[in-house]
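Q: Questions regarding the structure given below will be posed in turn.
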Amino acid sequence: MARKTSEYLVWAVCLVGLVGLPFFTMSTEQVSWSTFAESYCISLTTMFASNNGFAGNTFDIENVGNQSTEITTWWVNLDQPGTSDTVDIYWRSGTSVGFEDDPNGWTLLGSDSTVVSNGADVPTPVTMPTFVIHSNEVFGFYVHSAGGLILYSNGGPNTYSDSSLSITTYTGKGLPVFTGTTIEYRTWNGSVGYCEYGFFDDFESGNTSAWSNTVP
């Protein structure tokens, strides 16, 4: 027999005006969580101070925290403001080092053909599917511009970290993708926006669609 509504114990807490504090409901049968996730969603930036460029970069991202993170947003540094471009991002499990020229083992995260450059050293957003990195996991990434518009900085490897993620930059890349020139060492100019789950690790992937990230 179905339970009547009156038989449920429901607690609701809604803290209005305090961004990031959780809103939750609890019943005798389930607990579901949601959040005004601004305080859980932040970005990590390497730099936007280019002095060189070509068609891409390879780098690693490691989850150095205790909570799972989901990368929701990417920003890159592109030349020629107002120019349309296609940006592809590839990933592989483990480091990118030693695999810059070999497409085997890489997976295409996504391809955004609607990118319009905001110009040198100004973050340009790139739309990609979300990507989850659990605690202590390392993934290699390869950001590629079909138009050869990527701007980066000389030098490296360089590491940029916060309490959750660490980005280590390695190489610059030429055209075509993978088989183009690999240049050591070059620092990717960019940002990743991510949401940290922690207590919400069991959230169904995709619940962040309504969450917003601030441009770095």
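Taken together, the values in this text are just the output of simple stated rules run on the coordinates, not laboratory data. Computed from a prediction, not measured in an experiment: that's the story for all the values here. A quick note on method: Cβ atoms are made from the backbone with ideal geometry, for glycine too, and the neighbour counts reach across all protein chains shown.
Q: Around LEU165, which amide H atoms from residues at least 5 apart in sequence, or from another chain, sit under 5 Å from its own amide H, with H modelled in the peptide plane?
A: Answer set, sorted by chain and number: VAL64.
Q: What residues qualify as long-range amide H neighbours of TYR185, i.e. H under 5 Å apart, gap of 5 or more or another chain, H built at 1.01 Å from N?
A: GLY155
Q: I'd like the Karplus ³J(HN,Hα) series for the stretch 128-141: coefficients 6.51, -1.76, 1.60, θ = phi - 60°, whole numbers in Hz, and an x wherever there's a Gly or Pro.
A: My calculation for the stretch 128-141 gives 9, x, 5, 9, 9, 10, 8, 3, 6, 7, 10, 10, x, 10 Hz in order.
Q: Sticking with this one: Each label point is 7 Å from the Cα along the Cα-to-Cβ direction; what then is the distance between the points at TYR185 and THR127, in nm?
A: For TYR185 paired with THR127, the spin-label model returns 3.6 nm.
Q: Moving on to the next point. Stretched out fully, how many nm does the piece from GLU137 to SER113 gain, at 0.36 nm a residue minus the Cα gap? Don't skip to the end; give the middle numbers.
A: On the way: separation 24, 0.36 × 24 = 8.64 nm, distance 2.92 nm.
Net length gain for the segment: 5.7 nm.
Q: Here's something else I'd like to know. Output the relative contact order of the stretch 89-186, whole-number percent, from Cα pairs under 8 angstrom with separation of 6+ residues. Intermediate results must be reported in sequence, preceding the final value.
A: On the way: 130 pairs, mean separation 28.3, N = 98.
In percent, rounded to a whole number, it is 29.
Q: Something else: Per residue of the stretch 161-168, in order, report the coupling 6.51 cos²θ - 1.76 cosθ + 1.60 (Karplus, θ = phi - 60°) as ³J(HN,Hα) in whole Hz, putting x for Gly and Pro.
A: 9, 10, 6, 10, 10, 9, 10, 10
Q: Quick check: from the Cα gyration tensor, does the stretch 41-200 come out rounded (a/c under 1.5), prolate or oblate? Don't skip to the answer; put the middle values down first.
A: Values: a/c = 1.55, a/b = 1.34, b/c = 1.16.
Verdict is prolate for the stretch 41-200.
Q: Using the Karplus curve 6.51 cos²θ - 1.76 cosθ + 1.60 with θ = phi - 60°, work out ³J(HN,Hα) for each residue of the stretch 56-61 in order, rounded to whole Hz, and write x for Gly and Pro.
A: Coupling constants for the stretch 56-61: x, 8, 10, 6, 10, 10 Hz.
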